[in-house]
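Have a look at the structure below before the remarks.
What follows draws every value from the coordinates through simple rules; no lab data is involved. Everything quoted here is computed from the prediction, not taken from an experiment. Backbone-built Cβ (ideal geometry, glycine too); neighbour counts: all protein chains shown.
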Amino acid sequence: MEQNEIIRSIREKISNDVLGYHSYRGDDTIIVRRESIFKIMKILKEEFHFEMLIDICAVDFFGQQPRFEVVYHLNSLSQKMRLRVKVPVDDGEEVESIVPLWQIADWLERETWDMMGIKFANHPDLRRLLMYEGFVGHALRKDYPINRRQPIIKPKHEYR
Amino acid sequence: MEVDKVLAGDSFFTTRLNDVIGWSRKFSIFTYPFVTACCGMEYMSVSCSHYDIDRFGAGLPRFSPRQADLLMVVGTISQKLAPVLVRIYEQMTNPKWVVAFGVCTCTGGFYDDYATVQGIDTIIPVDVYIPGCPPRPETVLDGLMKLQTKIQKEKQAV
């Protein structure tokens, strides 16, 4: 399997937690264990100088085990380099929040919770971001019925 | 009623008061444009000199619902926005009318999904539906004239 310099040095540092890796056409990707995501992100930020968290999203591999994959996109401004970190997560499992490392992770993790229903442990305020409170289910899951109608929320009188 | 006596005394005029009020109301529509999406471009086009909605007396947009007669809902209404729209509607004073501008507000349009209100008539009453994605300015003017006809024919609340 292809691997470049950065993946090699990351694997030397945290070899126990890396489940897989590839660098196909410049897409440097590592797949890591769910339990150690916070530790790994901290190392990547502080020792490998990935200062910027671009995005957090999730993929639903419906019918597979583990069902989801949470994907983190990192950018290093100082090294002009990008890295993708994937974490396999099964339904109902929690991923450690990385809000202490990057403030932007707050809304990104809320969006992932809203759309995919993946819980982030120790998140300061894990509410829905795009949909409203009272929405049932998680809209981007593959088993969300395409024609389901949700109750239309009535205006609250205390609404400001 | 006082106006009755002042205008007409005991002559024939009393029976036509309803029409006079309707006539004056239909040519002095103050709109509140609730613009959320691309239909807003067509609303602007209708408002500007080429199509000139002011010919129909509806040229003055009020950006406070308390000063408006006509709520023009222009563009997609998401579920999260629904309570805001209802609140705007409730803030308007009577008499008030609602126009659903564009297919998204009429039925949800092609946004047959989890996030979009499937027609604003599920949350507030609607007087005139203007379909189209977006509707041509002529269609909007046609809808406006239909609304004027409706206002004229109404039993006028005074």
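Using Cα pairs under 8 angstrom and six or more residues apart, how large is the relative contact order of segment B:30-151, in percent?
Computed over segment B:30-151, the figure is 26 percent.
Just give me a number: lysine pairs in chain B, eight or more positions apart or cross-chain, with C-alpha atoms less than 22 Å apart.
Here the count comes out as 11.
What ranking of B:90, B:154, A:133 emerges when the number of other C-beta atoms within 10 Å of each C-beta is taken as an exposure proxy, fewest first?
Sorted ascending by nearby Cβ count, the order is A:133, B:90, B:154.
How large is the charge dipole for chain A, taken about the Cα centre, if only the Cβ atoms of Lys, Arg (+1) and Asp, Glu (-1) carry charge, to the nearest 20 debye?
Values: 25 positive and 26 negative charges, 92 e Å.
Roughly 440 debye, rounded to the nearest 20.
Taking 23 Å as the cut-off for C-alpha to C-alpha distance, list the pairs among A:45/A:142; A:119/A:142; A:42/A:142; A:13/A:45; A:45/A:86 that go past it.
A:45/A:142; A:42/A:142
Residue-wise, which Karplus ³J(HN,Hα) couplings in Hz belong to segment B:147-158, taking 6.51 cos²θ - 1.76 cosθ + 1.60, θ = phi - 60°, and x for glycine or proline?
3J(HN,Hα) across segment B:147-158, in whole Hz: 5, 4, 4, 5, 4, 4, 7, 5, 6, 7, 7, 10.
Quick one: plug the Kirkwood hydrodynamic radius of segment B:30-151 (C-alpha pairs) into Stokes-Einstein at 20 °C, 1.002 mPa s, and report D in µm²/s.
152
Convex hull over the alpha-carbon atoms of segment A:5-121: what's its volume per residue in Å³?
Convex hull of Cα atoms, per residue: 100 Å³.
Go ahead and estimate [θ] at 222 nm for the protein assembly as shown from helices alone: -39,500 (n - 2.57) per DSSP H run with n ≥ 4, summed, over the residue count, rounded to 500.
Theoretical 222 nm ellipticity from helices: -8000 deg cm²/dmol.
Just to confirm the number: angle between the C-alpha axis of helix B:17-26 and the first principal axis of chain B, 0 to 90 degrees, nearest 10?
30
When the Kirkwood radius is taken over all Cα pairs of segment B:59-101, what Stokes-Einstein diffusion coefficient follows at 10 °C and 1.306 mPa s, in µm²/s?
This corresponds to a translational diffusion coefficient of 146 µm²/s.
Taking 0.36 nm per intervening residue step and subtracting the Cα-Cα distance, what contour gain separates residue A:144 from residue A:104 on full extension? Spell out each step's value before the answer.
Numbers: separation 40, 0.36 × 40 = 14.40 nm, distance 2.75 nm.
Here the segment from residue A:144 to residue A:104 would lengthen by 11.7 nm.
In Å, what Kirkwood hydrodynamic radius results for the protein assembly as shown from the alpha-carbon pair distances?
23.9
Towards the positive end of the charge dipole of segment A:5-121, with charges on Cβ (+1 Lys, Arg; -1 Asp, Glu), say which of A:116, A:99, A:36 has the farthest Cα.
It is A:36, whose Cα lies furthest towards the positive end.
So if I place +1 on the C-beta of Lys and Arg and -1 on the C-beta of Asp and Glu, and nothing else carries charge, what would the dipole magnitude of the protein assembly as shown be about its Cα centre? I want it in debye, nearest 20.
Roughly 520 debye, rounded to the nearest 20.
Please work out the C-alpha center-to-center distance from segment A:128-146 to segment B:134-158 and express it in whole Å.
Measuring centre to centre over Cα atoms gives 38 Å.
Using every pair of alpha-carbon atoms in segment B:100-158, split the distances into 10 Å bins beginning at 0 and state the percent of pairs per bin, rounded to integers.
Taking every Cα pair in segment B:100-158, the percentages come to 23, 42, 27, 8, 0.
Measuring from label point to label point, each 7 Å out along Cα→Cβ, what is the residue B:91 to residue A:62 span in nm?
Label at residue B:91, label at residue A:62, 4.1 nm between them.
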